[in-house]
1. At a probe of 1.4 Å, how much accessible area disappears from chains B and A on forming the pair, both sides counted, to the nearest 100 Å²?
2. Against the longest principal axis of chain B, how steep is helix B:14-25, in degrees 0 to 90 to the nearest 10, with axes from Cα atoms?
3. When only Cα pairs under 8 Å and 6 or more residues apart are kept, what is the percent relative contact order across segment B:22-112?
4. With the alpha-carbon atoms as the only input, what is the per residue convex hull volume for segment B:143-295 in Å³?
5. Taking a 29 Å limit on the Cα-Cα distance, which of the listed pairs B:Lys86/B:Lys156; B:Lys229/B:Lys380; B:Lys211/B:Lys234; B:Lys21/B:Lys86 fall beyond it?
6. For a distance above 18 Å, tell me the whole-number percent of Cα pairs in segment B:207-362 that qualify.
7. Given a 10 angstrom Cα cut-off, can you work out which residue in B:Gly162, B:Gly130, B:Gly255 is the most mobile in a GNM of chain B?
8. Under 14 Å from the Cα of B:Lys36, which aspartates and glutamates turn up, not counting those fewer than eight places away in the same chain?
Amino acid sequence: MNDGRRLYWDEQKCIRCGLCVGICPFDALTLEDGKIVIDHDKCTLCTLCVKGCPVAALMIRPQLEEIARERGVALEA
Amino acid sequence: MRRDWDVVVVGGGPGGLWFAKNAAEKGLKVLVLERKKEIGTPVQCAEGFGKEGLKELGIEPDVRWSGWEVHGAKVYAPNGKYVEVKGEGYVIERKIFEKELAKMATRAGATVLAFHEVYDIIKEDGKVSGVKARFIGEDKEFRANIVVAADGFESKIARKAGLKTFQQAYHADSGFEYQMVGIDIDADNIHLFFGTEIAPRGYVWIFPTDKDAANVGIGIDAREEKTAKWYLDKWIEEHKDEYGFEDASIIEVRGGGIPVGGLLKDMVTDGLMVVGDAAHQVHPLHGGGMFLAMEAGAIAAEVAAIAHEKEDFSKDTLSLYNKLWWERRGNQLQRLVKIRQMFEKLTDDDFNFLAEILTPEDILAISEGHWEAMKTIAKKVVKHPRLAALFAKMLT
Ligand SMILES: Cc1cc2nc3c(=O)[nH]c(=O)nc-3n(C[C@H](O)[C@H](O)[C@H](O)COP(=O)(O)OP(=O)(O)OC[C@H]3O[C@@H](n4cnc5c(N)ncnc54)[C@H](O)[C@@H]3O)c2cc1C
Ligand code: SF4
Ligand code: SF4
């Protein structure tokens, strides 16, 4: 899915509980070697994992370009 | 066809390990593959285990894991009024308990391998016939007549086999917990705090692990905008004087999903059975699932032995597990789902009212899903129109 937004995983916040993996209806998430791997092609941005995560380690954010534009910084090539 | 293993179990939690012990005792060659580097660690649990449950499973409490003994539960309404329910249990050391289960399984003849992450199933002629796993950069295949998916809330294995075990968000709770030390609690009881502001659809718990220590946690509807951590931190802040939370130590941080409903009618396919959290076999009201996963593991082991005897691992034969589990436990849990659905509509006023009129026996009956008792309780709330309507709706 590509509408300029993407699911982001915050490695620092994550407690590796696996809730998001279990709740995703589209099988877009896996826990591999202690990391949450997001399959962006499968993710529909439905927000179920975002809400379910007990520590807010998942969030939907504009893609990098948008963030860069918001902050008025140029992205390096 | 004879395989390397009679059964390969994915997941070395209570469900998978208890399956392995029981199936090995029946003479089956069983292998358990567990992703974690260490069986039992990290813990994602409040560690409450009733004495009756242990007895039913035939497990003698052992000081190495029995942890802290409690003698009852105090159930609190939002206004602080509580009902005290007697009941013997332990807040166990789950890390050690699971390792003991692994030892029991091994002594019965099973093999348990830690740090083996199963990433796919093997299918032949449409039947599940083994799994693929990774172990320190090495890819391995394990063939078996039956695969048992005991892979917990995340449960990918059954889905890969084509079963619709996906957890509906509506039936999922989000859990978060601190193990705290240096707090001021009544350590003879576990404590459960209800309220819509405290924990939407769930509750805050204090499960003592020592005279001055406890697992302090929360479970809430996973669809809530705010996180479980947010609600727990807020509650702890509001109760810091009462329980001495300020300056207490946090020696462990835990969390996880709890499948409090969405029971599966069908937990088998050709060559595969699903056990425990992966099959959403959790108590829909309080979220306890260790006993239920183990009980289901034992039932699945019985069925695996029958299939082995008949040399028939088809869905038809394995379906006996569906039948036996639903008779033994499923129907009761389904009633508890209905009770939970009524409970999630309660307001704080309703909770406060119930705390005034419910006896400890009533609360026990509710937690056991006793339908006759629910009818009696419904009579007690007739003067409260809202509750009367909710009870009437539930009982139809
Ligand atoms: C916060 C919280 C508090 C709880 N409190 C209690 C309580 O007080 N009492 C109680 O009885 N229950 C409690 N529960 C519920 C209880 O923890 C579960 O119901 C129970 O663990 C279910 O056992 P299981 O064997 O089905 O699954 P699990 O214990 O989850 O075991 C599944 C195992 O499979 C492994 N696994 C997953 N995928 C793979 C893979 N691909 N390859 C290899 N291995 C894999 C996992 O690492 C895990 O070890 C609580 C749950 C939570 C989240
Ligand atoms: S946002 Fe929805 S689809 Fe995307 S990973 Fe999360 S649960 Fe899955
Ligand atoms: S639900 Fe949150 S904390 Fe748990 S594994 Fe997923 S991202 Fe990490």
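The values are calculated or read from the model by the stated rules, or taken from the named source; none is laboratory data. Here the structure is a predicted model, which is why all the values come from computation and not from measurement. Using ideal geometry, Cβ is built from the backbone for each residue, glycine included, and neighbour counts are taken over all protein chains shown. Just the protein is used for accessible areas: all its heavy atoms, side chains included, with ligands, DNA and RNA removed. Shrake-Rupley method; radii C 1.70, N 1.55, O 1.52, S 1.80 Å.
1. Numbers: alone 17470 and 5310 Å², together 20960 Å².
When B and A are taken together, about 1800 Å² of accessible area is lost.
2. 40
3. Values: 121 pairs, mean separation 37.9, N = 91.
It comes to 42 percent, rounded to a whole number.
4. Numbers: hull volume 19.0 nm³, N = 153.
For segment B:143-295, the hull spanned by Cα atoms encloses 124 Å³ per residue.
5. Working: B:Lys86/B:Lys156 39 Å; B:Lys229/B:Lys380 36 Å; B:Lys211/B:Lys234 24 Å; B:Lys21/B:Lys86 32 Å.
Distance filter (> 29 Å) returns B:Lys86/B:Lys156; B:Lys229/B:Lys380; B:Lys21/B:Lys86.
6. Values: 8410 of 12090 pairs.
Summing the P(r) tail past 18 Å for segment B:207-362 gives 70 percent.
7. B:Gly162
8. A:Glu32, A:Asp33, B:Glu98, B:Glu117, B:Asp151, B:Glu154
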